[in-house]
Structure formats: structure tokens, C-alpha cells
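What follows is a short report on a single structure.
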Amino acid sequence: MSVVDGMTVGGIILGWIAAWILDAFIGDPQHWPHPVRWIGTMITRMQSQIRAYCHTPESLRWGAGCYG
């Protein structure tokens, strides 16, 4: 077996399989906060604020650029 950063390839594969099995049985509970949901909420709020003040395609680009 070859060595990658001090670990054998067999050890890496075994770790990956263990992580896959744990995720399949435990997973992420639905009530746990998740960064992707936070980002989606932030984007939705920012978009509604931009659309409230910017009504033309050009002003929407400027509004998004100010936040971006």
C-alpha cells in the first residue's frame, strides 16, 4: 500500500467507508441548523429588499452589485 500524508490508502478508504456508514444511519437531524439554510435565508431577505427599491433591470444589477 502506498502512503498519502502519513496514512495508507487502505486507512483512507476504511475511514471513508466508516463515515459513509455513520452518515447513512445517523445523518443530520432535521432540527439542527445548517449553514446552507442560513445562506438561503440571507439571500431571500436581501433579494426582497433589493426588489422593493429597484424596478428596472439596470437598477436591479446596481442593487445586486452594492450587496455583492
Can you run down the residue pairs with Cβ atoms below 6 Å, 6 or more apart or on separate chains, where the first is in the range 26-49 and closer than 19 Å to Arg61 by Cβ and the partner is hydroxyl-bearing (Ser, Thr, Tyr)?
-> Met46/Tyr67
Out of (1) surrounded by 10 or more Cβ atoms within 10 Å (Cβ to Cβ); (2) assigned to a loop (DSSP other than H, G, I, E, B), the odd one out for Asp28 is which?
-> (1)
Could you list, in sequence order, the residues of the range 31-65 that are surrounded by 10 or more Cβ atoms within 10 Å (Cβ to Cβ) and among the hydrophobic types (A, V, I, L, M, F, W, C)?
-> Trp38, Ile39, Met42, Ile43, Met46, Ile50, Cys54, Leu60, Trp62, Ala64
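Each reported figure results from applying straightforward, stated rules to the coordinates on display, with no laboratory input. The model shown is predicted, which means the values in this text are computed figures rather than measured ones. Because the Cβ atoms are built from the backbone with ideal geometry, glycine has one as well, and the counts that use them run over all protein chains shown.
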